[in-house]
Amino acid sequence: MPAHKILAISLALLSLSPAGEAAVTGAPADGPSNPDLQGARVVYAQHCSACHGEGGDGNGPASVWLFPRPRNFSAGLFKIKSTAGTALPTDADLLNSVTRGMPGSSMPSFSYLTEEDRRLAVRYVKYLTASTNAAGLRVNRFDLAKESNTLAEPIQVPPEPPATVQALAEGGRLFAKLNCILCHGEHGAGDGPNAPTLKDTQGLFLPPRDFNTGAFRGGHTGRDLFTRISTGLAGTPMVAFDNKVMTDSERWCLVHFIQSLRRKDVEINDLLAPADGSVRAPRVHGRLPVEPSDPVWEGMDPTRITLNPLWPEKDLIYAVSVRAVHDGKRLAILCTWKDPVPDGAPIRVQDFQDAIALQFPLNAETPFLGMGDAKNPVNLWQWKAGWQQEAEGNRQDMADKYPSMHVDTYFPTSHRTAVDAGNMVSIPHSSSVEDANAAGFGTLRSQSARGQNVRGKGIWRDGSWSVILVRDLKSREAEDVKFAVGKPVPVAFAVWDGQNRDRNGRKVVSNWHKLILEP
């Protein structure tokens, strides 16, 4: 809608009702100081603002580590929705995005929050979907659409027909006719001739979806893909192919053809259901398994924890399989994930190591997923493949990488400042696990050598890592997570793939789950 028409409607609404006033001014009738919005603001501040920003502009402190960038709510452009074109999403669309997250992106599922809290988050997102008009007034897009009766209804999705050979052939013809290959490539790998030039409305590079291996952000089912094709992706080069362009029957043919391009080993990850939110640790009355290869683990059902990338990767680690057990005194957690190439201690500047970390809040709350915050600190256990090599005396060095080259000897050790200072990252490691704490971005620090009470061991075999982490249930360290039988403890997981050059914030992460020690 042109700016002058928005202004005209906005000024007219000023004289209509308190709701109309809120639509234009935003405050004080509908501002953060409004008691009715306080609960929504608290939920948003704790779980959303670090990425999307306090004001919803997509420039939160975590955004510099994320790609694609977090949504700028003020623009009013939402990718995943059931309404056509640039129309605003429904409340159900927003709740679904918060609940399910955006697979294949840094937006995790917030299913661990109560439905009430998720609805509060939706409410605050809608409040932040506002901009300043030509008169300098704050215009809330949802309130304005409601007052002008322009809120859109969801599109109608007809029943899905069978995927026949004829349908696939027709879908392939449409894929070429509609020039889908220009962006997505002839075989759907996201490598079309226009792919390097695509940008979003903010001018940021936006690669097209790789149908072979890339995650479908709005869901992988036929209904999900039908909706994406029909409505497009607002704010991106992906336009809507509505009824003026193709029929419902043709749209279903295109959906089935796109699904046929999926690599079968990746398709399995699409179909597997995520965990119900809990990792249960039964009690053993006898020997606690403390080796990754212990046959005891084979008799335990694993929990599949879905992982989301903070940065796009070609070959993602989609999930980690978790088993846990305790004997009343110690807790053992076994994590297994697929990784075709084991990467140990980095030697060259282009080398990075495989690793996994478990994150526990120090209170009963589930704080912001990225390192907690000042009021909600976290305890982190990170196993590192390179540290294990050091602990076992198997760490390679330049002479191993380049056996025919002349090498120097480093001495004396007094010149190695970080080692002399006792820096946990630099000293020779006798354990493969770093026990650390954080209270927000930039606050990660190792516990003292005396406080390093988590033990671990990893085994790489047949294209998979199996890593075990063991710690006493009780700990005297004030900054250690405390465990008690029957009391759920939130836990989140992160995995680094050295082959993908993962390091620091470049990794795949889970949302919060609950670790429950059974009696």
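Every read-out reported here was derived from the displayed coordinates using simple, explicitly stated rules and does not represent laboratory data. Quick caveat, the model's predicted, so the values are computed rather than measured. Here Cβ is always computed from backbone atoms with ideal geometry, including for glycine, and neighbour counts include all displayed protein chains.
Between Q166 and D248, take the C-beta separation as r, use R0 = 25 Å, and let me know the FRET efficiency to the nearest 0.05.
0.95
In what order do Y44, Y112 fall by count of nearby beta-carbon atoms within 10 Å, going from fewest to most?
Y112, Y44
Computed over the Cα atoms of the stretch 189-323, what is the convex hull's projected area averaged over all directions, in nm²?
Averaged projected hull area, Cα only: 11.4 nm².
Whats the longest run of the chain with zero trypsin sites (Lys or Arg not before Pro) that are DSSP loop and have at most 15 other Cβ atoms within 10 Å?
1-243
Suppose the chain between D315 and K487 were pulled fully straight at 0.36 nm per residue; how much longer would it get relative to their current alpha carbon spacing?
58.2 nm
With charges only on Cβ, +1 for K and R and -1 for D and E, what is the dipole size of the chain about its Cα centre, in debye, rounded to 20?
It comes to approximately 320 debye.
Cut-off is 10 Å between beta-carbons; in what order do T99, T213 appear when sorted fewest neighbours first?
T99, T213
Among L473, I459, L444, whose Cα projects farthest towards the positive end of the dipole of the stretch 442-505, with charges put on the beta-carbon of Lys, Arg (+1) and Asp, Glu (-1)?
Farthest towards the positive pole: L473.
To make sure I understand the rule: partners must be lysines, Cα under 19 Å from the Cα of K474, and not fewer than 8 residues away in the same chain. Which ones qualify?
Here the lysines satisfying the reach criterion relative to K474 are K329, K482, K487, K514.
To make sure I understand, if each residue's beta carbon is the centre and we count other beta carbons within 10 Å, what order do L473, L198 fall in, fewest to most?
Ranking L473, L198 by Cβ neighbours within 10 Å, fewest first, gives L473, L198.
Could you tell me which of G235, G370, S510 has its Cα farthest along the dipole of the chain towards the positive end, charges placed at Cβ (Lys, Arg +1; Asp, Glu -1), taken about the Cα centre?
Of the listed residues, the answer is G370.
More than 30 angstrom separation, counting every C-alpha pair in the stretch 273-517; what % is that?
Above the 30 Å cut-off, the stretch 273-517 has 25 percent of its Cα pairs.
Rounded to the nearest 0.05, what FRET efficiency do V239 and A92 have when you use their Cβ-Cβ distance and R0 = 30 Å?
After rounding to 0.05, the efficiency reads 0.80.
Less than 12 Å from a label point 7 Å out along the Cα-to-Cβ axis of K401: which backbone N atoms in the stretch 308-352 qualify, by residue?
344-352, by backbone N distance to the label point.
Across the chain, what fraction of all alpha-carbon pairs, as a whole percent, falls in each successive 20 Å bin from zero upward?
That works out to 20, 48, 28, 4, 0, in percent per bin.
So what's the net charge close to H326: Lys and Arg +1, Asp and Glu -1, counting the other residues with Cβ under 11 Å from its Cβ?
Cβ neighbours under 11 Å give a net charge of +2.
Of Y318, L95, M405, which is farthest towards the positive pole of the chain's charge dipole, taken about the Cα centre with +1 and -1 on the beta-carbons of Lys, Arg and Asp, Glu respectively?
Ranked along the dipole, the leading option is L95.
What shape does the stretch 202-253 take by its C-alpha gyration tensor, where a ≥ b ≥ c are the square roots of the eigenvalues and a/c under 1.5 counts as rounded, a/b above b/c as prolate, and the rest as oblate?
Oblate.
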